[in-house]
Amino acid sequence: MACRSVFDLPAIRSEFEKAGISIRFIAPVWKYVLQNPNIKIDFDEVPSLPTGAYPLLRSKFRSSTSTLDSVVESDDNITSKLLIRLQDGAFVEAVVMRYDSRMGRYAGKPRPGGPRSTLCISSQVGCKMGCKFCATGSMGFKRNLSSGEIVEQLVHASHISHIRNIVFMGMGEPLNNYAALVEAVRIMTGFPFQLSPKRITISTVGIIHAVNKLQDDLPNVNLAVSLHAPVQDIRCQIMPAARAFPLVKLMDALLIYQRNSKQKIFIEYIMLDGVNDEEQHAHQLGKLLQTLEVVVNLIPFNPIGISNHFRTSNEHNVKRFQSILRGYYGIRTTIRKQMGQDISSACETWYTPKNEFSLQ
Ligand code: SF4
């Protein structure tokens, strides 16, 4: 039988409750695991647990169900790709990007107190959304990750860098694995990780029914919407799953989300030459977003791992697109800088409103 992760919250909570052990003893177990990298953890060494917790942990749980298979460093000296092997032999990727927010620019060199990093996390093995510009989309869907497997990516990354921001922009559509996502984020924002929800960004193609619940379940996290087209027919052409989520209804859902959350929404827009990068598309997008407070991130297309006919837009078109959104519609628009291309991490960065780097 597959072992369960101590970070699999429903499982450990249920086992503790069944054994009459207070669930307040779960957090000290997590703290011990987080503080003890590179050793096979013997739960007997976790201090101050009730006697009955030790045999229960030993027999039913593992400190980690995944292993860090490899870490590939990019030549940019900023980006590291973590290849993580799950217990069923599947692999997921997580990407760490180190930066120094005080300097306001990337800094590969050590920062006093260590670099502050952003971690891009996977939520599924593969993805069923089938976006035509995405390598993961071409794999198809294999399975959801458990909340434990999601949090273990943070644990692995925390052993190599000080993680300050999380973006759910790795493999998978996070809102298609909603329950595990919510559990994982709640763990990440609680003891001992204690990340601010404001430093967690969840990216979605726009699963409307899940967007409608997100504000109640995870208040204060950032929402990033992979829009990628200003009209429904282009969206469907490049993101087949968009057929189930009509643009008009998605925009209504985002309006309600913003009214309730009072937060900016990030709009991701991949720049595809001749597909969605023309002047008329910029005006259509500007009009579509006029009623929302958004930051638009224009993303150069990264062809790694994808065999199709898309090409990234040329620099002139990207700049023209940006200046239309800014000039005509007053929309804050950034052009994302690609990082880690040499290690196929497909990582890109943009400025958040806090003038810090995030990553996809
Ligand atoms: Fe899935 Fe995101 Fe890739 Fe689309 S872009 S196929 S939602 S992983």
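The values are calculated or read from the model by the stated rules, or taken from the named source; none is laboratory data. Not measured: the values here are computed from a predicted model. Here the Cβ positions follow ideal geometry from the backbone for every residue, glycine too, while neighbour counts run over all protein chains shown.
Here are some residues: 321, 310. Which one is touching a residue at least 40 places away in the same chain (Cβ under 8 Å), part of a loop (DSSP other than H, G, I, E, B), more than 23 Å from residue 263 (Cα to Cα) and of a type in the set (A, V, I, L, M, F, W, C)?
From the options 321, 310, the qualifying one is 310.
In this structure, is residue 231 surrounded by fewer than 21 Cβ atoms within 10 Å (Cβ to Cβ) and under 19 Å from residue 313 (Cβ atoms)?
Answer is yes for this residue.
If I filter the stretch 165-178 down to residues being farther than 17 Å from residue 81 by Cα and touching a helix residue (DSSP H, G or I) at 6+ places or on another chain (Cβ under 6 Å), which single residue comes out as farthest from the ligand (Cβ to nearest atom)?
So, considering only residues that are farther than 17 Å from residue 81 by Cα and touching a helix residue (DSSP H, G or I) at 6+ places or on another chain (Cβ under 6 Å), the one farthest from the ligand (Cβ to nearest atom) is 178.
The conditions are (1) within 16 Å of the ligand (Cβ to nearest atom); (2) free of Cβ contacts under 8 Å to residues at least 12 places away in the same chain, and residue 189 fails exactly one of them. Which is it?
Failed condition: (1).
Considering every residue within the stretch 277-300, establish whether at least one is surrounded by 15 or more Cβ atoms within 10 Å (Cβ to Cβ), modelled with pLDDT under 95 and either β-branched (Val, Ile, Thr) or out of contact with any helix residue (DSSP H, G or I) (no Cβ under 8 Å at 6 or more places or on another chain) (or both).
yes
Just to be sure before I move on: is residue 224 over 17 Å from residue 319 (Cα atoms), among the small types (Gly, Ala, Ser) and touching a residue at least 24 places away in the same chain (Cβ under 8 Å) in the structure I sent?
Yes; evaluated as a whole, the condition is true for this residue.
What pairs come out if I take residues in the stretch 271-282 that are farther than 13 Å from residue 227 by Cα and in a loop (DSSP other than H, G, I, E, B) and pair them with residues that are modelled with pLDDT under 95 and among the charged types (D, E, K, R) whose C-beta lies under 8 Å away, six or more apart or interchain?
If the second residue must be modelled with pLDDT under 95 and among the charged types (D, E, K, R), the pairs left are 273/311; 274/311.
Could you give me the residue pairs with C-beta distances under 7 Å whose first residue belongs to the stretch 199-219 and is away from the ligand (no atom under 16 Å from the Cβ), whose second residue is of a type outside the set (A, V, I, L, M) and in a strand (DSSP E or B) wherever it lies, and which are 6+ apart or on separate chains?
199/164; 199/165; 200/222
Tell me, which helices (runs of 4 or more DSSP H) wholly within the stretch 160-244 include 2 or more residues that are of a type in the set (Gly, Ala, Ser)?
Working: elements: 178-189, 208-217, 232-238.
Filter on the stretch 160-244 gives 178-189.
Search the stretch 327-360 for residues being more than 27 Å from residue 200 (Cβ to Cβ) and surrounded by fewer than 16 Cβ atoms within 10 Å (Cβ to Cβ), and hand back the single one that is modelled with the lowest pLDDT.
Ranking the candidates gives 342 first.
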